[in-house]
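Accompanying notes for the structure given below.
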Amino acid sequence: MKKLNKDLSNYEALIFDLDGTLLDSMPLHNKAWMDTFSINGVEITEDFLMETAGMASQRIVSIVNERFDKELDLKTVATQKREMYLKNLDKVGIVESVLAIIKEYHGKIPLGVITGGSHEVVDQLLPILKLDHYFDSIICADDTELGKDSTEPYELMGTQLNVLPSKCIFFDDGDVGLKGAQLAGMDTIHVDINHPEIFINL
């Protein structure tokens, strides 16, 4: 297991993305998206899904509508995708290198989650994986109007944990989340669970 070679004790809170960061779940999400759009007459690519990783589901559907000149119902397609993903919750894995950080600092520094996922999924999944007790705050896509590439979820996290975003560090695998966290003043660590080093920008 690759360990993070960085002291995080000076931060006032550690914040984590879920899918592709703490959870090895992106292949399952991607398959659910590709299957969902396929039955709706749209063929999307892995590159498109990488570009939109971390965005709320309805926003992804709206982008597909724009690019493919479609009029898919945002809520209906997002629900179809969620139902496909929920069938495979038992296949979601945990990224042990990231969990090791959480275990090391649990009870010492507030820990939070900011995810593009919905509470309907996250609130089921974290207890199944026995991860829910680690976190002091969990912010999902349905908690904010703007996405992870805005400052809104990070500022909300700061409010909920009573810390300044500039005193926090955020772990994420996607450009969308890293961009938003940086705009909010957070330090960031890019996580790539398919890279030998896992933690990229130290």
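With viscosity set to 0.692 mPa s and temperature to 37 °C, compute the Stokes-Einstein D of the chain, Rh being the Kirkwood radius across alpha carbon pairs; µm²/s, no decimals.
On the way: Rh = 17.1 Å.
Answer from the Stokes-Einstein relation: 192 µm²/s.
Once both labels are modelled 7 Å past Cα along the beta-carbon direction, what's the His119-Asp132 spacing in nm?
In this crude spin-label approximation the distance works out to 1.3 nm.
Run the numbers on the chain and let me know its relative contact order in percent, using alpha-carbon pairs under 8 Å that are six or more apart.
Details: 315 pairs, mean separation 58.7, N = 202.
Relative CO of the chain lands at 29 percent.
How big is the charge dipole of the stretch 14-162 about its Cα centre, in debye rounded to the nearest 20, if each Lys and Arg gets +1 on its Cβ and each Asp and Glu gets -1 on its Cβ? Write out the running numbers ahead of the final one.
Numbers: 13 positive and 26 negative charges, 74 e Å.
Using Cβ point charges on Lys, Arg, Asp and Glu, the stretch 14-162 gives about 360 debye.
Taking the alpha-carbon centroid of each part, what is the distance from the stretch 83-125 to the stretch 167-183 in angstrom?
16 Å
Hey, what's the per residue convex hull volume over the C-alpha atoms of the stretch 26-89, in cubic angstrom? Numbers along the way, then the final one.
Numbers: hull volume 4.7 nm³, N = 64.
Once divided by residue count, the hull of the stretch 26-89 is 74 Å³.
Per residue of the stretch 133-144, in order, report the coupling 6.51 cos²θ - 1.76 cosθ + 1.60 (Karplus, θ = phi - 60°) as ³J(HN,Hα) in whole Hz, putting x for Gly and Pro.
6, 6, 9, 8, 8, 10, 10, 10, 4, 6, 8, 9
Placing +1 on the Cβ of each Lys and Arg and -1 on the Cβ of each Asp and Glu in the chain, which of Leu164, Thr115, Pro127 has its Cα farthest towards the positive end of the resulting dipole?
Among Leu164, Thr115, Pro127, the one farthest towards the positive end of the dipole of the chain is Pro127.
So what is the relative contact order for the stretch 8-121, in percent, with contacts set as C-alpha pairs under 8 Å and at least six apart?
Working: 102 pairs, mean separation 56.4, N = 114.
Dividing the mean separation by the residue count of the stretch 8-121 yields 49 percent.
What share of the DSSP beta bridges in the chain is antiparallel, in percent to the nearest 5? Provide the component values of the computation, followed by the final result.
On the way: 3 of 18 bridges.
Antiparallel bridges: around 15 percent, rounded to the nearest 5.
How big is the dipole moment of the stretch 26-89 about its Cα centre under a simple scheme where the beta carbon of each Lys and Arg is +1, that of each Asp and Glu is -1, and everything else is neutral? Debye, nearest 20, please. Walk me through the intermediate numbers first.
On the way: 8 positive and 10 negative charges, 64 e Å.
The dipole magnitude comes to about 300 debye.
Bear in mind that the values in this text are calculations on the coordinates, not laboratory data. If you're wondering where the values come from, they're calculated on a predicted model, not measured in any experiment. Every residue, glycine as well, gets a Cβ built from its backbone with ideal geometry; the counts of neighbours run over all protein chains shown.
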